[in-house]
Every structure is written in structure tokens, then in C-alpha cells.
Amino acid sequence: MMDHIIDHSLMVGNVTLCLCRHVNQSTPVLNTHLATAAALLHDITKTRSFKTGERHSETGGDLLETLGYPEVGNIIRQHVILDDWKENTPVTEQEIVNYADKRVLHDTIVSLAQRLEYIQDTYGHLQDLQDRIAGMWRMTRTLENKLFRRISFSPDQLADRVLMDIRFF
């Protein structure tokens, strides 16, 4: 993995850990260790995808499954687009990692709007990708509402909470 992808993954791991801890304060349903492991590994095949053009979420998920970690692989596979989720169900590890990835630009926690702007500038030059990105972001905004109904701080306080709550890896 390229150094900047490692830095990004470490921060996604920190955001995931913070969110899991806070969601679990109201309803302890999340496996924090599983979610954090998947967050740290979510871009494991991204570097090679620059050459191959593969979907790194799919190949990363397949790799971890092949290595004997199917639960981690399933979360990695869904870090870009969730298979299925519902707004009024308990929060899942897949949702936490998916959302955490959307809040980290490089190694910095940013707003959804800032991250969307970057993704559109970087990947949205083709019409079919623009439509996919738009759908993904509608879902992510709804997911953000689902998550933050269950914790005691707002989305704009996330960066400060991560810095206060988490000892960096």
C-alpha cells in the first residue's frame, strides 16, 4: 500500500473506533474489533487497482475472505457502496466503516460536502460515475442521520471527538 493510503486507512480506523464506541454506549450491538480491523484494511488492494482498474472494494473483500476472514472481507466489500441497509434498524459494522471512509479525505476528517466535492472532482468525469456518485451520497447523508441519532455529538463535532477519544494507532 502507498504511504498516503496507509495514512488514510489509519484515520478511517480511528473514526470507526470512535463511532463504534459511541454507538455502543446507547445500544451495544457493534463488534468494535471487527469494524476497526476492516477499517484499517479497507483499501488493501487500492494501490494495485490504479494499475489494474479493478474495484478495490471487491478485490479487497475477496482477498480477506481467501485469507480466512470472511466477516472482515464482507465489510471491506461494502465500504464504497452498502449492499443493503435500512434507516430504522440497528447500526452495523458495514455502515460504520462505509461512513467513516466517506468522512476521511487523505488523512483528515472532513465534512461530507468536502469529501463529495473531492470524489466528484477525482472520479466524476464520466456520466455513469456521476449518477453512481450521486446515489451513493444521497444514501450517505441518510446514513449520517441514522448514526448521529444514536450518539451524543453532531457530525461537525466528529473530528474533535476523534482527537479527544482515540489514541492514534
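Over the chain, how many pairs of lysines fall under 19 Å by alpha carbon, counting only those 8 or more apart in sequence or from different chains? Write down the numbers at each step before the final one.
Values: LYS46/LYS102; LYS86/LYS102; LYS86/LYS146; LYS102/LYS146.
For the chain, qualifying lysine pairs total 4.
Identify, among HIS22, GLY53, ILE76, the residue whose Cα sits farthest towards the positive end of the charge dipole of the range 1-110, taking +1 on the Cβ of Lys and Arg and -1 on the Cβ of Asp and Glu, with the dipole about the Cα centre.
HIS22
Counting other C-beta atoms within 10 Å, and keeping those with at most 14, which DSSP coil trypsin sites (Lys or Arg not before Pro) do you find in the range 79-118?
On the way: sites: LYS86, LYS102, ARG103, ARG115; in loops: LYS86, ARG103.
Passing sites in the range 79-118 are LYS86.
How big is the gap, in Å, between the Cα center of the range 1-55 and the Cα center of the range 67-94?
Computed from Cα coordinates, the inter-centre distance equals 12 Å.
Can you tell me the accessible area per residue over the chain, all protein chains present, probe 1.4 angstrom, in square angstrom? Don't skip to the answer; put the middle values down first.
Details: 8850 Å² over 169 residues.
Roughly 52 Å² per residue, with all protein chains present.
Carbon and sulfur: what percent of the chain's accessible surface (1.4 Å probe)? It would help to have the intermediate numbers written out before the result.
Details: 4590 of 8850 Å².
Carbon and sulfur atoms account for 52 percent of the accessible area of the chain.
The values are calculated or read from the model by the stated rules, or taken from the named source; none is laboratory data. Just so you know, these numbers come straight off a predicted model, no measurement behind them. Methodologically, a virtual Cβ is constructed for each residue, glycine included, from the backbone with ideal geometry; neighbour enumeration extends over all protein chains shown. For the accessible areas, the whole protein counts, side chains as well, though only heavy atoms, and no ligand, DNA or RNA atoms are used. Shrake-Rupley method; radii C 1.70, N 1.55, O 1.52, S 1.80 Å.
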